[in-house]
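Peer 1: Can you keep this structure in mind? I'll have questions shortly.
We did not get these values from a lab; they are worked out from the coordinates using the rules stated. None of the values given here were measured: they were computed from a predicted structure. Cβ sites come from the backbone with ideal geometry, for glycine too, and all protein chains shown count toward neighbours.
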């Protein structure tokens, strides 16, 4: 028996599925590790008082897109000059900033994302970008470009990744997220699919999506 199917190309892909919002000040639980960066050199003209992903491998770095956002800076180099090696409170600053990445559904399919960002980082109904943030060596997504509201990314499909679903099938996306193809109307023009998004078994969103449109 032939089964009607839906593919991620038919709905322009699942772009970003996100976990609970974390405040930017939230601590990340991790095992203790030691990663060496550029060593401080006290020689005149050689003093290193600034670290980013270029000279400290512990920071988040997107190799493919050459993106980095974390910085560690001794704001007053004089505090460790001479024999004193104590960095006083307020003289060492960790900062991170958001970086823009283009939605693949835009770069590959020419589709736009509601409440996405434009190329300058401003929220728009015709979004082409989203914002990523390195935070304590991990990659996060800034909700609507707001770096004060960061979330972990569950899934991002690559340029060659596809997912085919039959009617009634549930796709386990990860971390409790599932997507079900409730029904498909192949006779409609354009074709339509009724998709249901759930978290830990609780339905959060359902929507009828036309062929070629984006489901968020």
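Peer 1: Hey, fewest Cβ within 10 Å first, where do 198, 107 land in order?
Peer 2: The order, fewest Cβ neighbours first, is 107, 198.
Peer 1: Let me ask you something else. Once Rh is set to the Kirkwood radius over Cα pairs, what Stokes-Einstein translational diffusion coefficient, in µm²/s, holds for the range 100-151 at a temperature of 10 °C and a viscosity of 1.306 mPa s?
Peer 2: This corresponds to a translational diffusion coefficient of 145 µm²/s.
Peer 1: To continue, here is another question. Note down the nm distance, to one decimal, between modelled labels 7 Å out along Cα→Cβ at residue 57 and at residue 138.
Peer 2: Each label point is offset 7 Å from its Cα along the Cβ direction, giving 2.2 nm.
Peer 1: How many nm separate the modelled label positions at residue 188 and residue 94, each set 7 Å beyond the Cα in the direction of the Cβ?
Peer 2: With each label placed 7 Å out from Cα toward Cβ, I get 4.8 nm.
Peer 1: Report the calculated FRET efficiency for residue 146 and residue 85 (r = Cβ-Cβ distance, R0 = 35 Å), to the nearest 0.05.
Peer 2: In this case the efficiency is close to 0.35.
Peer 1: Cut-off is 10 Å between beta-carbons; in what order do 99, 149, 187, 203 appear when sorted fewest neighbours first?
Peer 2: Arranged by neighbour count, lowest to highest, 99, 149, 187, 203 become 187, 203, 149, 99.
Peer 1: For the range 100-210, what is the largest minus smallest coordinate of the Cα atoms on each principal axis, given in angstrom and ordered from greatest to least?
Peer 2: Over the range 100-210, Cα extents along the principal axes are 44, 31, 26 Å.
Peer 1: How would 165, 108, 180 line up from fewest to most surrounding beta-carbon atoms within 10 angstrom?
Peer 2: 108, 180, 165
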